[in-house]
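**Student:** Once you've had a glance at the structure underneath, I'll fire off some questions.
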Amino acid sequence: MSQSYAGDISSKEAWRLLEEGNAVLVDVRTQPEWNFVGVPDLSSLGQQARFIEWQAYPTMAVNPEFTEAVKAAEVRPEQTVLLLCRSGARSRNAAIALTAAGFERCFNLEEGFEGPHDAQGHRGMQIGWKAAGLPWKQG
């Protein structure tokens, strides 16, 4: 666990926290990823993920309005914030940034939505939100 954010957790651990009700999921991938790869489906929990790009497509420059956009999405600093990207790198950086901005419990989903490539070059088959069998839908 890093001191710069609350730590790394698995997708299944994140789902458990969402079920408990005081956590919010922020998907920090890009608009094309949401549209073409899919998004977490929290409807069975009566919740919705927040979709806020950490890096803006196509330049992949860090979104300078990220923290303000998270606040505008009604995410409160005292909530447990779960951050998700494709494989865990962008969401880790987002967790560090939100923690520095005063959010108290920011966790990185270390496996991401799709995880790494498998032997055939496909994502989403080994680890991550999709591979864990958690609810998702095509964007």
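Derivation of every value follows stated rules applied to the coordinates shown; laboratory data play no part. Everything numeric here is computed off the predicted structure, so don't read it as measured data. Note: ideal-geometry Cβ built from the backbone for every residue, glycine included; neighbour counts use all protein chains shown.
**Student:** Out of all DSSP beta bridges with both ends in the chain, state the antiparallel percent to the nearest 5. Write down the numbers at each step before the final one.
**Tutor:** Numbers: 4 of 18 bridges.
Here the share of antiparallel DSSP bridges comes out near 20 percent.
**Student:** Sticking with this structure for a sec: Using only helices, what value at 222 nm comes out for the chain when you add -39,500 (n - 2.57) per DSSP H run of length 4 or more and divide by the total residues, to the nearest 500 deg cm²/dmol? Walk me through the numbers on the way to the answer.
**Tutor:** Working: 4 runs with 35 residues, N = 139.
Computed mean residue ellipticity for the chain: -7000 deg cm²/dmol.
**Student:** How large is the convex hull of the C-alpha atoms of the stretch 49-89 per residue, in Å³? Write down the numbers at each step before the final one.
**Tutor:** Working: hull volume 3.5 nm³, N = 41.
Enclosed volume per residue, from the Cα hull, is 86 Å³.
**Student:** If you compute Kirkwood radius over Cα pairs in Å for the structure shown, which of (i) 15.4; (ii) 15.8; (iii) 14.7 do you land on?
**Tutor:** Here Kirkwood radius over Cα pairs in Å agrees with entry (iii).
**Student:** Please list 105-114, 15-24 highest first by mean number of surrounding beta-carbon atoms within 10 Å per residue. Walk me through the intermediate numbers first.
**Tutor:** Values: 105-114: 24.6, 15-24: 15.6.
Top to bottom by mean Cβ count within 10 Å: 105-114, 15-24.
**Student:** Can you tell me, using C-alpha contacts under 8 Å and at least 6 residues apart, the relative contact order of the chain as a whole percent? Kindly include the intermediate steps, with their values, before the conclusion.
**Tutor:** Details: 277 pairs, mean separation 43.7, N = 139.
Value for the chain: 31 percent.
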